[in-house]
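A.B. asks: What follows is a single structure, and I will ask about it in a moment.
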């Protein structure tokens with residue numbers, strides 16, 4: 001499995017999260033934090049269970065500031081694919097939720113107001129919610145932006161990892177891992193691969209001792 005990396009200095013941000021206690025969700029795991037309410041850009045407080053569709057829910061940990069999401073010189077980033085991904089998910093009967101867990105950057109581009117502006121400007125489909133204190137990210141063991149988790153109609157994990165194999169260019173993608181997983185899930189077919197390597201910036205959590 002080869003995933004096209006990004007040719008820019010921000011690769012230094014691709015670091016392991018220093019949280020040894022984070023879980024590593026196994027395929028088949030029930031949806032974590034299913035009833036935890038998060039503020040959506042619409043202003044409503046919603047849970048992942050409430051945002052699921054009849055065939056499941058896609059959870060994408062994302063943000064407004066990571067070059068792997070928003071792009072940089074030499075790379076498109078994945079955000080430009082969010083509208084298509086959201087529309088595709090909805091056609092498949094799968095709810096889509098983008099989750100911003102960058103608690104340590106609320107004053108540096110990842111505030112709720114920033115999220116609302118970005119959702120509108122970049123024409124996201126689905127929901128974009130603020131994960132206060134990274135509680136949901138911690139429950140998932142989410143490590144990077146982006147990091148995707150796909151759950152079936154029984155709200156059990158069937159795919160996790162990356163959106164596709166080329167962050168730099170949508171037109172150069174050879175393996176649409178997430179979309180293929182979603183199609184196979186809805187059609188009752190085996191998902192292969194069920195796990196791919198997520199790459200991106202580390203989620204900017206606050207220090208554990210400062211969490212409330």
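Read the figures in this text as sums done on the coordinates, not as results from a lab. All values derive from a computational prediction rather than experimental measurement. As a convention, Cβ positions derive from the backbone with ideal geometry for all residues, glycine included, and neighbour counts pool all protein chains shown.
A.B. asks: Can you tell me, using C-alpha contacts under 8 Å and at least 6 residues apart, the relative contact order of the chain as a whole percent?
C.D. replies: Over the chain, the number comes to 29 percent.
A.B. asks: Within 10 Å, count the other beta carbons around each residue, average over each peptide in 176-183, 81-88, and list them highest first.
C.D. replies: In decreasing order of mean packing, 176-183, 81-88 become 176-183, 81-88.
A.B. asks: Then there is this: Hey, rough spin-label estimate for residue 192 and residue 87, points 7 angstrom out along Cα→Cβ, what's it come to in nanometres?
C.D. replies: Reported label-point gap for residue 192 and residue 87 is 3.2 nm.
A.B. asks: Which residues does the label zone of residue 180 cover in segment 50-91, counting backbone N under 11 Å from a point 7 Å along Cα→Cβ?
C.D. replies: Answer for segment 50-91: none.
A.B. asks: Follow-up question, since we're still on this one. Expected output is a single nm value to one decimal: the length gained when fully extending between residue 34 and residue 170, i.e. 0.36 nm times separation in residues minus the C-alpha distance. What is it?
C.D. replies: My answer for the length gained is 45.8 nm.
A.B. asks: For a bin width of 10 Å, list the pair-distance distribution of the chain built from all Cα-Cα distances, rounded to whole %.
C.D. replies: 9, 38, 40, 13, 0
A.B. asks: Looking at the chain as a GNM with Cα springs under 10 Å, which of 102, 184, 198 has the largest mean-square fluctuation?
C.D. replies: 184
A.B. asks: Given a Förster radius of 22 Å and the C-beta distance between residue 44 and residue 206 as r, what FRET efficiency does 1/(1 + (r/R0)^6) yield to the nearest 0.05?
C.D. replies: 0.35
A.B. asks: Further question on the same structure: Modelled label-to-label distance, residue 21 and residue 73, 7 Å Cα→beta-carbon offset: nm?
C.D. replies: 4.2 nm
A.B. asks: Still on this structure, please answer the following. With a/c under 1.5 counting as rounded, go ahead and sort segment 28-70 into rounded, prolate or oblate using the C-alpha gyration tensor (a ≥ b ≥ c being the square roots of the eigenvalues; past the cut-off, prolate if a/b is larger than b/c, else oblate).
C.D. replies: oblate
A.B. asks: With a 10 Å radius around each residue's Cβ, average the other Cβ atoms per peptide and rank 27-35, 162-170, highest first.
C.D. replies: 162-170, 27-35
A.B. asks: With each run of n ≥ 4 DSSP H residues scored as -39500 (n - 2.57), what mean residue ellipticity at 222 nm is computed for the chain after dividing by its residue count and rounding to the nearest 500 deg cm²/dmol?
C.D. replies: Value at 222 nm, helices only: -5500 deg cm²/dmol.
A.B. asks: Then there is this: Taking the DSSP beta bridges in the chain as the whole, what percent of them are antiparallel, to the nearest 5?
C.D. replies: 60 percent
A.B. asks: Which order, highest average first, do 52-64, 113-125 follow once you tally other Cβ atoms within 10 Å for each residue and take the mean per peptide?
C.D. replies: 52-64, 113-125
A.B. asks: What's the center-to-center distance, using Cα atoms, between segment 19-83 and segment 85-154 in Å?
C.D. replies: The two parts, judged by their Cα centres, are 4 Å apart.
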